[in-house]
1. Just for segment 32-44: of the residues that are in contact (Cβ under 8 Å) with a residue 24 or more places away in the chain and over 27 Å from residue 9 (Cβ atoms), which one is nearest to the chain's Cα centre (by Cα)?
2. So which residues in segment 45-78 are closer than 13 Å to residue 13 by Cα and loosely packed, with under 10 Cβ neighbours inside 10 Å, if there are any at all?
3. Please list, ordered by first then second residue, the pairs with beta carbon atoms under 7 Å, 6 or more apart or interchain, first in segment 1-24 and at pLDDT below 90, second surrounded by 13 or more Cβ atoms within 10 Å (Cβ to Cβ) and in a strand (DSSP E or B).
4. Go through segment 56-68 and report how many residues are in a loop (DSSP other than H, G, I, E, B) and either in contact with a helix residue (DSSP H, G or I) (Cβ under 9 Å, 6 or more places away or on another chain) or modelled with pLDDT under 85 (or both).
């Protein structure tokens, strides 16, 4: 997602893209491992924030420490 200048400080923001697992391979930790690995790569490369744009499975990402910062629906920010 790039580098942003916020109050004179450069902030590197990245994040995992779409993650999915074929139904027959679900509940084996594969998707969680993929997100865990990319999150570590972002840390190793000096990213300040890892961002997930949209998800219907926020509790799944919370297992890796992600937190919901904004919620919205068709009417806007909730």
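1. Pass one, segment 32-44, residues in contact (Cβ under 8 Å) with a residue 24 or more places away in the chain: 32, 35-36, 39, 42.
Filter once more, keeping what is over 27 Å from residue 9 (Cβ atoms): 32, 36.
Working: 32: 11, 36: 10 Å.
That would be 36.
2. Within segment 45-78, 45, 46, 53 qualify.
3. 1/13; 1/14; 2/13
4. As a first pass, look at segment 56-68 and keep what is in a loop (DSSP other than H, G, I, E, B): 56-57, 63-68.
Subsequent filtering for residues that are either in contact with a helix residue (DSSP H, G or I) (Cβ under 9 Å, 6 or more places away or on another chain) or modelled with pLDDT under 85 (or both) retains 56, 63-68.
The total comes to 7.
The values are calculated or read from the model by the stated rules, or taken from the named source; none is laboratory data. These numbers were taken from a predicted model, which means no experiment stands behind them. Quick reminder, even Gly has a Cβ in these numbers, built from the backbone with ideal geometry, and neighbours come from all protein chains shown.
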